[in-house]
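What follows is a short report on a single structure.
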Amino acid sequence: MTIHRQRIVVDMDEVLADPIEKFIQLYNRDYGVPLDLQLIPGNEIFEHVPEHAKDKWFEYINEPGFFRNLTPIHGSIDAIRKLQEKYDVYIVSAAMEFRNSLIDKYDWLAEHFPFISWKNIVFCGDKIVCADIMIDDRVKNFAGFNGRKLLFTSPHNLLLTEYERVNNWQEVLDKLL
C-alpha cells in the first residue's frame with residue numbers, strides 16, 4: 001500500500017533567496033549612498049529609491065548573475081531538509097519573467113539545495129500547480145490554488161491579513177511538523 005505524502009510547493013525569491021539584500025548591495029555600489037531601510041509596509045523595495053534610480057531595480061534583475069549570487073534566507077536550507085522527511089517538496093519559481101533568471105536560479109539551487117532533485121524543480125510563468133501547501137510571498141500566486149496557503153512575510157505583503165502568515169522558516173516548521 002502506497003502512502004500519499006502531501007506536496008509542498010515553495011517559492012524562491014524572498015522565501016528561499018534574498019533579492020532585496022542583493023538590490024541594496026548593488027544600489028550602494030552604484031550610488032555610494034546607503035539605501036533607506038525603513039521600508040513602509042505594503043511597499044516594494046524599488047519604491048524606496050530616489051526618483052533618478054527608480055528603474056535600477058529592473059536593470060539589476062535583468063543582469064546575468066543577479067539571481068545566481070543571492071543569499072539564502074536564514075533557516076531555509078535546514079527547514080527544507082526537515083520538510084522533506086515528511087512531505088514531497090517542490091521548488092516552484094516564476095523564472096520565465098526575467099530572461100537570465102532561469103539558469104541563475106537552477107545553478108543557485110544546485111549550490112544551496114543540492115538535495116532537491118531536478119525532478120522537484122518547476123520553473124514557470126504562472127504558478128498553476130497541484131499541491132497541498134504553497135509557501136509564497138506573493139498573493140497573486142495563490143490565485144486558483146486550492147491548498148493551504150502560507151504567506152511568507154516580506155515588506156511588500158505586511159499589510160495583508162487575509163492569509164495564514166509565516167514570518168520565518170522556524171514558524172513554517174512549527175506549523176507543518
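Within the range 148-155, is there a residue that is of a type outside the set (Ser, Thr, Tyr), over 19 Å from ASP13 (Cα atoms) and at pLDDT below 95? No: the range 148-155 contains no residue that is of a type outside the set (Ser, Thr, Tyr), over 19 Å from ASP13 (Cα atoms) and at pLDDT below 95.
Report yes if some residue within the range 130-139 is among the hydrophobic types (A, V, I, L, M, F, W, C), crowded, with 17+ Cβ neighbours inside 10 Å and farther than 23 Å from LEU177 by Cβ; otherwise report no. No. Selection of first residues in the range 106-121 that are over 15 Å from PHE66 (Cα atoms) and of second residues that are among the charged types (D, E, K, R), restricted to Cβ pairs under 7 Å at least 6 apart or on distinct chains, gives the following pairs, ordered by first then second residue: PHE115/ARG81.
Return the residue satisfying two criteria in turn: it lies in the range 144-177 and is among the β-branched types (Val, Ile, Thr) and not in a strand (DSSP E or B), and of such residues it is surrounded by the most Cβ atoms within 10 Å (Cβ to Cβ).
Residues of the range 144-177 that are among the β-branched types (Val, Ile, Thr), as a first pass: 153, 161, 166, 172.
Within this subset, residues satisfying the condition of being not in a strand (DSSP E or B) are 153, 161, 172.
Details: THR153: 16, THR161: 8, VAL172: 24.
Residue satisfying both the conditions and the ranking: VAL172.
Residues that are open to solvent by 70 Å² or more (accessible area, probe 1.4 Å), touching a Phe, Trp or Tyr at 6+ places or on another chain (Cβ under 9 Å) and under 15 Å from PHE23 (Cβ atoms) do not occur anywhere in the range 94-102.
When the range 94-131 is filtered for residues that are polar (S, T, N, Q) and modelled with pLDDT of 95 or more, the ones remaining, listed by number, are SER117, ASN120.
Anything in the range 63-93 that is open to solvent by less than 30 Å² (accessible area, probe 1.4 Å) and on the phi < 0 side of the Ramachandran plot? List them, or say none. So that I can check it myself, show each step before the final result.
At the first step, the residues of the range 63-93 found to be open to solvent by less than 30 Å² (accessible area, probe 1.4 Å) are 65-67, 70, 76, 79-80, 83, 87, 89, 91-93.
Result: PHE66, PHE67, LEU70, SER76, ALA79, ILE80, LEU83, TYR87, VAL89, ILE91, VAL92, SER93.
Restricting the range 1-59 to residues that are of a type in the set (Phe, Trp, Tyr) and open to solvent by less than 50 Å² (accessible area, probe 1.4 Å) leaves a set whose member that is modelled with the lowest pLDDT is TRP57.
The values are calculated or read from the model by the stated rules, or taken from the named source; none is laboratory data. In this text the structure is predicted, and so the values were computed from the model without any measurement. Using ideal geometry, Cβ is built from the backbone for each residue, glycine included, and neighbour counts are taken over all protein chains shown. Just so you know, the surface numbers come from the protein's heavy atoms only, side chains and all, with ligands and any DNA or RNA stripped out. Shrake-Rupley method; radii C 1.70, N 1.55, O 1.52, S 1.80 Å.
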